[in-house]
Structures are given as structure tokens and as C-alpha cells.
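A quick write-up on the structure given underneath.
The values are calculated or read from the model by the stated rules, or taken from the named source; none is laboratory data. These numbers were taken from a predicted model, which means no experiment stands behind them. Backbone-built Cβ (ideal geometry, glycine too); neighbour counts: all protein chains shown. Only protein heavy atoms, including side chains, enter the accessible area calculation; ligands, DNA and RNA are left aside. Shrake-Rupley method; radii C 1.70, N 1.55, O 1.52, S 1.80 Å.
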Amino acid sequence: MPNRSLTRRSLLQSLLASAASAMPLPALTAVAQPQYGGTNGQQRGEMGRIAAAFRRQFSVPASSIAISRNGQFVYDEAVGMGDRQHLMQVQQASLFRIASLTKPITAVTIFSLIEQGKLHLTDKVFGPSGILGTKYGKPPYKQYVSDITVDHLLTHTAGGWPNDSTDPMMRNPSWNQTKLITETIANVPLTNPPGTHWAFSNFGYCVLGRVIEGVVGQPYASYVRANILAPCGISTMQIGANKESQRAANEVVYYGQYSEDPYKINVARMDSDDGWIASSTQLVQFLNHVAGAPGVPALLKPATVQAMTTPAPAYPEGQARYARGWMVGDNGAGDWWHNGSLPGSTTMMARTAKGMCWAVLTNTRTEPSNEIDTALAQMMGNMVHVVPAWNA
């Protein structure tokens, strides 16, 4: 895998500028409703042209977009080939790998457990006094491992295991999670004291999935589906499979570019960091429920949301900063968002301070990936500004 760690911070900051400048049930009605401020024919046509230009520029087989405003769907569009070989058009309900959009879902799950008093940000993770105990190896550990807390994992400040050419999640695909975590903490040293340095870490969010399992006593995916997704009215989201032949019903095919093979990565092992598959509509349902919207109940209390969206102290000052599972603007008072990128997948979702929620999913990736990531954010920013009444 190419070294993308150097571009991750600048990319996440650029996404804010791009999107902002151009940027229990009952569940949402998952159909765009004109009476709630949806598009007219001319506006929808212009939004479609913006999306089509993006697909042409980056040779994107299919894209799926959903947008809501003040808790009601106002736009959706799924266009292109979900499966070229069998000439299958993508549908609005089609499922895509969402890549790192998984991380906000895992973060919301962690904070829901904190609300229930089952977990604390300051809880240690590894070692006899940690949540995971000695399941992944006994002391003595390498330096700093026993100091890692839940908050360090949420904020990507554990001290190492970054998303670069050494990313543990992209190596040794035949290993299961237990072997991967055990071998990584034993053999890959941390380079900084926890809490002092920010480095985007897929591996850290893999460990958070095991933290959730340790607290609730059941598999990560089944707990999240029952306790986070079901209250949003979502029933078909699931962890993706590794092989094209194992695709879920209604799941698209992924297409690599520049010799990338989407089916050579262990997506199932990435369950809590990059593993979910979903439709764009489902992600917008989730976005609306996290903190609630008019007529939409919230998954989390306002004080919990504030804690989740407070920037990590180790992340540099700026207009856009990483919090706990989300990039945030205006030190948490502005928009929240996350992007996702895997071979064959480029994705993004956002919840804005002006009441807009949107998600966009595609079934390819180009290199350098930061170019398509930034263009995707620009596309969505341009699209939501087509409708003046949205005040986006």
C-alpha cells in the first residue's frame, strides 16, 4: 500500500474547506421529499451534471448520494454500473464498502457505552488492569503499550501504528484479529508516549472493536446492529466480505485502478475500522440520529456529543481538527465529517452545523488517492449549493 500518512492530515483539513466553501424509531422517511425543501427539476439536473463530471474525471463506475435537511431527505441519486460484468445498474439501496466511515460508527458505539456507565475514556486497554486484560499477551509489554487508554485509540494518539506502508491492518491478511493484535503489540514498538502525537491509525480502531466486545460480551457487529443501527431504522448494514464471490445481496462490485486489487485486502478483519457496507441513505439516517434532528430521536445526549466532537489536544490547531471518530470544524461547533478510502472505494459523509446531512459512496479509487478524496468533497459542496433554499 502507498504511504498516505503524510497526506491524511492535510487532506482532512482540505475537505472542510472544500465542503464548506462550495459545501428507537420513528426513523427518517428514506425518500427525498420535495415538500421538505427538495430539488426542482432544473436543480436536480444541475446536481446530476456535477456528479457526472466527477465520475468522468476519475473513471468512477457508480456513485450513490443521499442528502437530508433538518431531518428529512431532500435528494438521492444512484447512477452507474454496480456490476459491469453483468450489466447491473446501481440502485439507491445498493450497498458499498464505506471504509473509514466505519470509524464514526465505532466512536458512537463507544460513547453510548460511556453513557451507560460501562466504559470510561480513561480506562486502560491492555494489561491486567485493562479492559482487554492479557488476552493479547502478558507483561512485560513494549514501552507505552500498558499506558494506552480508550481515549488514545479514539483520537489516534496511541503513539504509533499509523496508516502508512507499515499499517498492520494492511499486512499479513491471513492472520485473524487475535493474532494480528497479539503480534503487533509485541513486535511493533510505539514511537511516542500516548496522547502526545496524532497519527491516523486503522489498527487503533480495530482494537476499539475488541474493547466493545470485551465490555458487552458479544461480537462487535451484532452489538452495533442491534443497539446503534436498529434505532436508526437500519437493518441491512453488515460487515463486508473479502472476495467478490462472497458479496452480500445488493452489494456492488469494486474496481481497482493503478494495479490495486480491492479483493486482496482483509475487509472482514477490519470490522470496526473500515469494515461496514451500507447504502448512502442508511448513512444519512445514522448521521441524523447521532445527535438528533427535528422529529428524529438522538442516539447520544448533548453533553456526550460535545465530548465526542471536542478536538484531540494533540491534533494541531486549525480550522479543521480530529476529535473522537470525526473531523470537526470550528473546534467542534461547526461541521462534522469523515472520509473513507480503500482499494476500490472512495467515500465521505458529513453532518453540517446548518442542518444538512449527506453521504456519497463510490466503487473505485484512483492514485494519488488524496486527489479523488478532495474532489469528492468539492463535488458535494457544489451540489448542496445548487439549491439556495438549503442555505448550505
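Quick notes
- Residues of segment 223-245 classified as open to solvent by 30 Å² or more (accessible area, probe 1.4 Å) and either within 18 Å of Gly71 (Cβ to Cβ) or not in a helix (DSSP H, G or I) (or both), total: 7
- Matching residues in segment 39-49 - criterion: being within 28 Å of Ala291 (Cβ to Cβ) and either open to solvent by less than 20 Å² (accessible area, probe 1.4 Å) or in contact with a helix residue (DSSP H, G or I) (Cβ under 7 Å, 6 or more places away or on another chain) (or both): Thr39, Met47
- Segment 371-391, residues that are on the phi < 0 side of the Ramachandran plot, among the polar types (S, T, N, Q) and over 16 Å from the mean Cα position of the chain (by Cα): Gln378, Asn382
- Pairs where the first residue, in segment 68-93, is aromatic (Phe, Trp, Tyr) and the second is surrounded by 21 or more Cβ atoms within 10 Å (Cβ to Cβ) and in a strand (DSSP E or B), C-beta under 6 Å, 6+ apart: Tyr75/Ile67
- For segment 90-131, taking the residues that are among the small types (Gly, Ala, Ser) and under 27 Å from Tyr141 (Cα atoms), the one that is surrounded by the most Cβ atoms within 10 Å (Cβ to Cβ) is identified as Ala107.
- Summed over segment 55-89, residues that are open to solvent by less than 10 Å² (accessible area, probe 1.4 Å) and farther than 18 Å from Pro343 by Cα total 8.
- Pick from segment 179-198, criterion open to solvent by 20 Å² or more (accessible area, probe 1.4 Å) and hydrophobic (A, V, I, L, M, F, W, C), ranking: nearest to Asp164 (Cα to Cα): Val188
- Only residues that are assigned to a loop (DSSP other than H, G, I, E, B) and over 19 Å from the mean Cα position of the chain (by Cα) were counted in segment 190-218, giving 10.
- Figure legend. Inter-residue proximity from segment 113-125: first residues over 7 Å from Val150 (Cβ atoms), second residues at pLDDT below 95 and basic (Lys, Arg), beta-carbon distance below 8 Å, spacing 6+ or different chains. No pairs are indicated.
- Among the residues of segment 140-156, those that are part of a loop (DSSP other than H, G, I, E, B) and over 18 Å from the mean Cα position of the chain (by Cα) comprise Pro140, Tyr141, Lys142, Gln143, Tyr144, Ile148.
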